[in-house]
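Student: Questions regarding the structure given below will be posed in turn.
The numbers here are math on the coordinates, done by the rules we state, and not lab data. Predicted, not measured: the structure shown is a model, and the values here were computed from it. We place every Cβ from the backbone using ideal geometry, glycine too, and count neighbours over all the protein chains shown.
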Amino acid sequence: MTDPTPTASSAPPALAAFLRGVERRGALFAQLQCGDAEHGDVALATVMRTFSEQAPDRAMADWPRRFWQLLMAAPALQREPSGARWPTPLEHLGTLASADRRALLSRLAAGLPEDEAVEVLGTDLTHYRAALAAACPQDADGQPDAAGWRSLAEAIQQQMRDLAPERLARLARLRERALRPDAAPPRAPRRESPSAAIPSRDTPRPETSTRWRRWAVVAIVLACAGGLAVTFLAPPGWSGRMGESLDQVGESGLGLAEEPDIQQEALDAAEAPAATVAPEDALPSHPDLALLLDPESESLSGDAAFLAWYLAARDQGAPTEPATTNPEPVTQEEGRDTTF
């Protein structure tokens, strides 16, 4: 009887979601680093198992750095296995030293920024840039070839998009097995037929699939909340320092940052105006010349709003004079002749 596909329903949902999100990049990095997909997948499975044991004791913000530290230091990826080979668009990787290839893939496959790659690789900025310079394709004059770098980066991204469904299914099984503490460690790499990598239709589905989907939704929400927290709680100047690092990489002449193709074209000299007005002719051509020559009309135009209100109020019989305030009271003696 065939054992059902192992599940990780007991693993923390955030941990399972993290490994699911990073497994594709991790698998491609391991494959291109050692030159063998199956050998790289086993190295990735070992790293995922170790990471799953360490992650609960670490902050979620530290998970990406720790995962890539473990993968880049994996013993199985420090040397090329027998039969190592690279796809045709990426044959350049096979000509590189292991350390130089690791530095290049940390940027193009793992997608790590410069400061994070330096920390993960355990090196300094000078040696990291030197490794990138050694790994960068060169032109006929022995200079870094920016077009070759871009072509290499595009080929790596295409390889990531074109991972076969059988490969993705195998990665999912390795991930779920790594999340189970009672599961056996990954075996040595061996060739398996494409049909063995596809789950059988007769394989029973886990009874906890519905529950697992709910936990996956919760994990995605937690991951989004964590991303927002990192955005608002990042140290002051963090984004500025990252921008400066990327600018420094572009200025290093290695072709690491695509320079914008800006076309410049000089403008023609300004043409003389078709006509000008002499100062002595400016007043006769003024549109309000009649108003300017009649000071009384100009004064009336300034009070036009008040005069319009006055005429409207008078026509409606409303009082136009202010009422007298506090009139003197009429006394009983008013009108009497008080002359003696």
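Student: Quick check on the stretch 112-131: of everything there that is small (Gly, Ala, Ser), assigned to a helix (DSSP H, G or I) and out of contact with any Phe, Trp or Tyr (no Cβ under 9 Å at 6 or more places or on another chain), which residue is surrounded by the most Cβ atoms within 10 Å (Cβ to Cβ)? Spell out how you get there, then give the answer.
Tutor: From the stretch 112-131, those small (Gly, Ala, Ser) are 117, 122, 130-131; that's our starting set.
Retained after the next criterion (residues that are assigned to a helix (DSSP H, G or I)): 117, 130-131.
Subsequent filtering for residues that are out of contact with any Phe, Trp or Tyr (no Cβ under 9 Å at 6 or more places or on another chain) retains 130-131.
Values: Ala130: 15, Ala131: 22.
In this case the residue turns out to be Ala131.
The rows are residues; the columns are (1) more than 20 Å from Ala172 (Cα to Cα); (2) out of contact with any helix residue (DSSP H, G or I) (no Cβ under 7 Å at 6 or more places or on another chain); (3) surrounded by fewer than 19 Cβ atoms within 10 Å (Cβ to Cβ); (4) among the polar types (S, T, N, Q).
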{"residue": "Phe29", "(1), (2), (3), (4)": "no, no, no, no"}
{"residue": "Ser52", "(1), (2), (3), (4)": "no, no, no, yes"}
{"residue": "Arg65", "(1), (2), (3), (4)": "yes, no, yes, no"}
{"residue": "Pro75", "(1), (2), (3), (4)": "yes, yes, yes, no"}
{"residue": "Pro89", "(1), (2), (3), (4)": "yes, no, yes, no"}
{"residue": "Leu104", "(1), (2), (3), (4)": "yes, no, no, no"}
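Student: Anything in the stretch 15-63 that is among the basic types (Lys, Arg) and in a helix (DSSP H, G or I)? List them, or say none. Walk me through how you get there before you give the answer.
Tutor: If we filter the stretch 15-63 for residues that are among the basic types (Lys, Arg), which is where we start, we get 20, 24-25, 49, 58.
If the condition is that a residue be among the basic types (Lys, Arg) and in a helix (DSSP H, G or I), then Arg20, Arg24, Arg25, Arg49 are the ones that fit.
Student: Of everything in the stretch 22-37, what is within 12 Å of Arg85 (Cα to Cα) and acidic (Asp, Glu)? Give them in sequence order.
Tutor: Correct list: Asp36 only.
Student: Now, a different point. Picking from Arg129, Arg167, Arg150, which residue would you name as being under 17 Å from Trp86 (Cβ atoms) and either in contact with a Ser or Thr (Cβ under 7 Å, 6 or more places away or on another chain) or of a type in the set (D, E, K, R) (or both)?
Tutor: Among Arg129, Arg167, Arg150, only Arg167 is under 17 Å from Trp86 (Cβ atoms) and either in contact with a Ser or Thr (Cβ under 7 Å, 6 or more places away or on another chain) or of a type in the set (D, E, K, R) (or both).
Student: Out of Arg66, Arg101, Arg58, which single residue is in contact (Cβ under 8 Å) with a residue 60 or more places away in the chain, within 26 Å of Leu19 (Cβ to Cβ) and not acidic (Asp, Glu)?
Tutor: Arg101
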